[in-house]
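Chemist: Sharing a structure here in structure tokens format.
Derivation of every value follows stated rules applied to the coordinates shown; laboratory data play no part. As the structure is a prediction and not an experimental result, all values here were calculated from the model. No Cβ is skipped: glycine too gets one built from the backbone with ideal geometry, and neighbour counts run over all protein chains shown.
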Amino acid sequence: MSQSTPPAPEVFFAERFPAQMNRQLAEQQEAAAAAQRALEGMRGVEATLRFDVRGPGGGTWYVNFAEGRASAGSAPTHPPFLSIALDRGDFEPLWREAGDNVLGFLGGVSGMGAPIKLTRSRVEQIGAVKGALLFELTGAGGFRLVAHLGGEPPADEAPPATAIRVDAQAYRELRAGALQPQDAFLAGKIQVEGDMQLAMQLALAVLSPD
């Protein structure tokens, strides 16, 4: 960074340069402490996710977490804190948008700008939300899914209380962190129908600290 008047060498080497090095050390220590907290939170996850894919080639899958490690199972080891249901035809579009982290749509619509991490705190926050939401990515290559929060979905599931529809281009900007959710909502690129409070509760849970 250029400055109009350089400091005297005795001031620079005795004060300013050591202070700059100490600031870098403090910043690195803070980043390392934050990373350690996130790692401990991820290792503390004891939970289950449920996925229902309807139609030919579909089925029900449980992903169980023990000390943060995920493994597929034929049965849940815990009551699912989140269940996701979608038609078989929506699977490929979801995968193209979210990749192997199928929960990416949660971080995307919340404007995280980064893949969602499952930490103990975040699982608890999401599991505390009760209800079902329809999430729809509109436009070419879009998809629909229902996220049921708070235990196994009922056998005869009622229509979701909330529908969240997001323009495809806006969704990609949200995932990249180039667009803020409130700006997208005000511009009509995110549309929420039904229980607005449920949508806000889920967004706050997703955005809770690691």
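Chemist: Under the 0.36 nm per residue contour assumption, what length would be gained going from the current alpha-carbon distance of ALA70 and VAL11 to full extension?
Modeler: 15.8 nm
Chemist: Provide the FRET efficiency to the nearest 0.05 for the PHE185-LEU39 pair, computing r from the beta carbons and using R0 = 25 Å.
Modeler: Calculated transfer efficiency: 0.15.
Chemist: In whole Å, what three semi-axes, largest first, describe the equivalent ellipsoid of the chain built from its Cα gyration tensor (square root of 5 times each eigenvalue)?
Modeler: 41, 22, 15
Chemist: Taking +1 at the Cβ of each Lys and Arg and -1 at the Cβ of each Asp and Glu, which of PRO6, GLY139, PRO80 sits farthest along the dipole of the chain towards its positive end, judged by Cα position relative to the Cα centre?
Modeler: Farthest along the dipole direction, towards plus: PRO6.
Chemist: Right, another one. Roughly how many whole Å is it from the C-alpha centroid of segment 1-61 to that of segment 178-210?
Modeler: Between the Cα centre of segment 1-61 and that of segment 178-210, the gap is 25 Å.
Chemist: Within segment 21-113, which GluC sites (Glu not before Pro) sit in a loop by DSSP and count at most 12 neighbouring Cβ atoms inside 10 Å?
Modeler: For GluC sites (Glu not before Pro) across segment 21-113 that sit outside H, G, I, E and B with at most 12 neighbouring Cβ atoms in 10 Å, the list reads GLU67.
Chemist: Sticking with the crude label model, points 7 Å out along Cα→Cβ, report the distance from LEU207 to ASN101 in nm, one decimal please.
Modeler: The two pseudo-label positions are separated by 1.8 nm.
Chemist: Something else about it: What do you get for the angle between helix 196-206 and the principal long axis of the chain? Use alpha-carbon atoms, 0 to 90 degrees, nearest ten.
Modeler: Once rounded, the angle reads 50 degrees.
Chemist: Could you state the angle between the C-alpha long axis of helix 17-43 and the longest principal axis of the C-alpha atoms of the chain, as a value from 0 to 90 degrees rounded to the nearest 10?
Modeler: Orientation of helix 17-43: about 20 degrees from the principal axis.
Chemist: Taking 0.36 nm per residue of sequence separation and subtracting the Cα-Cα distance, how much length would be gained by fully extending the chain between GLN28 and MET196, in nm to one decimal?
Modeler: Result: 56.5 nm gained on full extension.
Chemist: Could you work out which residue, out of ALA47, ALA158, ALA147, moves most in a Gaussian network model of the chain, that is, has the largest mean-square fluctuation with Cα springs under 10 Å?
Modeler: ALA158
Chemist: OK, next. Taking only DSSP H segments of four or more residues, each worth -39500 (n - 2.57), what value at 222 nm results for the chain once the sum is divided by all its residues, to the nearest 500 deg cm²/dmol?
Modeler: -11500 deg cm²/dmol
Chemist: Residues with amide H under 5 Å of GLY44's amide H, sequence separation 5 or more or different chain, H placed in the peptide plane at 1.01 Å from N; which?
Modeler: Residues meeting the amide H criterion: ARG120.
Chemist: Whole number please: convex hull volume per residue of the Cα set in segment 67-108, in Å³?
Modeler: 110 Å³
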